[in-house]
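Read the figures in this text as sums done on the coordinates, not as results from a lab. From a predicted model like this one, the values you see are computed outputs, not experimental measurements. Ideal geometry is used to build each Cβ from the backbone, glycine not excepted, and the neighbour counts take in all protein chains shown.
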Amino acid sequence: MKSSAQIKAMRAAGLVVADVLRTLREAAGPGMTTAELDQLARERIAAAGAVSSFLGYGSSFGMPPFPAVTCISVNDEIVHGIPGDRALVNGDLVSIDFGASVGGWHGDSAITFGVGDLSPERAALSEATRTAMWDGIAAARVGGRIGDISAAIEGSLRARRAGYGVVAEYTGHGIGRAMHEPPDVPNVGRAGRGELITKGVCLAIEPMVTLGRAATANLDDEWTVVSRDGSAAAHWEHTVAVMPEGLWVLTAEDGGEAELTARGAKFAPLAD
Ligand code: MG
Ligand code: MG
């Protein structure tokens, strides 16, 4: 339930997040380590005067403090991969999740891309996940239910390929003064169910999908979530403000105009 002024403050964070993700995607290539990508993100955050949402996260609920500003998850890693000395190689499927705050307001977004030559199967997985994210975003409206978003995401993926593993153990979430706020936004569900979407709510919508089964496991580092069957995974995420006038995708450079308009959803950026 954010005011217009607060949503505009979140747009500032969203644009920093969009800039960092674009920068990392352009920089990533064979031989580069995930720690080098994280270092690049640290430099961009500092230059923007923003604060990482991820660094140190988790200690308040008993997890080891997250040691990086990005989550970089490669191949069978679904989410929460810790950057390190792993060098990217041709054919890797890479997801980068990044969050930052400006003036205490957070933005959270994730992209998936291939290194070098990506197999058609992996490319299709990423594109299906990206499309499902946008279908989910376009289903959000004031007066609707969280389940409308969940059903749109799940339906989009099932329509694309019956065999995708739609991860249910991790969800999207509300976002604002904290990176994670209520409500949860599941990636599977039924339209018309779940919490009411009220005016000014900001949501991070983030499908996580595998080429195999949806079951997950955690690595010994306590953070990295992998597919239990070793299948490759994709993860896309945007932060969206849901207003009576329509939607504004705060972490998309164009505010979501192209993808929302293509789906007949109302695009409603706030003027400065
Ligand atoms: Mg995220
Ligand atoms: Mg998130």
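Structural remarks
- Within the chain, the whole DSSP H helices whose Cα atoms reach 20 Å or more along their own axis and whose mean Kyte-Doolittle score is at least 0.0 are 4-27, 146-160.
- Helical runs (DSSP H, four residues minimum) scored at -39500 (n - 2.57) apiece and divided by the length of the chain put the mean residue ellipticity at 222 nm at -9500 deg cm²/dmol.
- GNM flexibility winner over the chain from 27, 234, 140 (Cα, springs under 10 Å): 27
- Distance between the C-alpha centres of region 26-86 and region 207-272: 18 Å, rounded to the whole angstrom.
- Within a Gaussian network of the chain (alpha carbon springs, distance under 10 Å), most fluctuating of 61, 113, 98: 61
- The HN-Hα couplings worked out from phi for region 161-167 by the Karplus form 6.51 cos²θ - 1.76 cosθ + 1.60 (θ = phi - 60°) are 7, 4, x, 5, x, 8, 5 Hz, whole numbers, x standing for Gly and Pro.
- Each residue in 32, 208 was given a count of other beta-carbon atoms within 10 angstrom of its own, and listing them fewest first yields 32, 208.
- For residue 266, the aspartates and glutamates whose Cα comes closer than 18 Å to its Cα, not counting residues fewer than 8 places off in the same chain, are 135, 148, 245, 253, 254, 257.
- Highest GNM mean-square fluctuation among 136, 49, 176, for the chain modelled with Cα contacts below 10 Å: 49.
- Between residue 119 and residue 39, the FRET efficiency estimated from the beta carbon spacing at R0 = 35 angstrom works out to 0.75.
- About its Cα centre, the dipole of region 4-262 is roughly 680 debye, where the only charges are +1 on Lys and Arg Cβ and -1 on Asp and Glu Cβ.
- Amide H contacts of residue 206 (H built 1.01 Å from N, under 5 Å, at least 5 apart or other chain): 172
- Calculated from backbone phi, Karplus (6.51, -1.76, 1.60) coupling profile of region 76-87 in Hz, x at Gly/Pro: 6, 6, 8, 8, 6, x, 8, x, x, 8, 5, 8
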